[in-house]
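The values are calculated or read from the model by the stated rules, or taken from the named source; none is laboratory data. Since the model is a prediction, treat every value here as computed from it, not as a measurement. Cβ: placed from backbone, ideal geometry, glycine included. Neighbour counts: every protein chain shown.
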Amino acid sequence: MKSHQSSRQVPLQQLLRPNKDNRGCLARCPCSILTSGGLMPGRKTIERAREDEREGKSPSTQAGEFVREEMNHIREGKHGAASPKQAIAIGLSKARRAGVKLSPPRKGKASASATRKAEQDYRKGQSHSAHKPSARRSRATSNALKNKGRSAASHSALSRQARTAARARSAASRSSAAKKASSTRKQAKAA
């Protein structure tokens with residue numbers, strides 16, 4: 001079976017640059033990233049993540065832009081998700097594949113398959129390969145997600161997920177995260 005891999009690698013900045021029709025990568029590029037039932041992340045999402053990176057914010061903050069976009073997709077009815085956890089996982093996967101330097105979970109923090117997928121996404125995002133994803137596979141994931149419910153992105157479901165995630169962390173961990181957040185907020189106000 002022949003590979004459709006292009007010998008030319010396309011940098012992200014070039015993908016974001018609109019062409020003469022004023023359309024981005026989706027209109028002209030064969031290497032658009034199709035992940036977990038959706039098109040390549042929106043240009044504005046990638047730009048917001050890049051802005052976060054320039055401001056010195058953490059990779060998890062940058063990835064938050066992709067998670068937020070995923071929640072909006074579910075609320076708009078583009079597709080669904082089995083749970084808030086799945087919706088978050090889709091957003092993190094898109095972030096890694098878009099080049100956010102969000103490292104895969106450490107050993108024991110996630111299942112072996114989730115860790116393996118995160119490592120694969122991270123490598124894909126850092127390699128800038130122009131390999132075109134399988135259309136059949138992308139269509140299958142899209143159709144599977146369209147059959148899922150929309151309540152995964154509801155405020156109550158996200159609130160429940162946040163509380164559960166916080167409960168799994170130690171008090172010291174939560175406290176240090178809050179202190180770090182408050183210090184970065186002060187820097188943003190000063191700038």
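The table for this structure:
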item	result
Complete set of residues in the stretch 169-180 that are closer than 14 Å to T61 by Cα and exposed (fewer than 12 other Cβ atoms within 10 Å of the Cβ)	A178, K180
Residue that is assigned to a helix (DSSP H, G or I), hydroxyl-bearing (S, T, Y) and without any contact (Cβ under 8 Å) to a residue 60 or more places away in the chain, where the choices are S138, S175	S175
Flag for A63 being within 12 Å of R96 (Cα to Cα) and touching a residue at least 12 places away in the same chain (Cβ under 8 Å)	yes
Hey, I46 under 13 Å from the mean Cα position of the chain (by Cα) and among the hydrophobic types (A, V, I, L, M, F, W, C) or not	yes
Residue list for the stretch 107-129, restricted to those being surrounded by fewer than 13 Cβ atoms within 10 Å (Cβ to Cβ) and within 17 Å of S60 (Cα to Cα)	K109
Test for P59: is it buried (at least 22 other Cβ atoms within 10 Å of the Cβ) and not basic (K, R)	no
Subset of the stretch 115-132 [touching a Pro at 6+ places or on another chain (Cβ under 7 Å) and part of a helix (DSSP H, G or I)]	T115, A118, E119, Y122
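So that you can scan it fast, the table gives a plain yes or no per residue for (1) under 30 Å from R185 (Cβ atoms); (2) crowded, with 19+ Cβ neighbours inside 10 Å; (3) modelled with pLDDT under 95:
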{"position": "V10", "(1), (2), (3)": "no, no, yes"}
{"position": "A27", "(1), (2), (3)": "no, no, yes"}
{"position": "G37", "(1), (2), (3)": "no, yes, yes"}
{"position": "M40", "(1), (2), (3)": "no, yes, yes"}
{"position": "R43", "(1), (2), (3)": "yes, no, yes"}
{"position": "E53", "(1), (2), (3)": "yes, no, yes"}
{"position": "E69", "(1), (2), (3)": "yes, yes, no"}
{"position": "G91", "(1), (2), (3)": "yes, yes, no"}
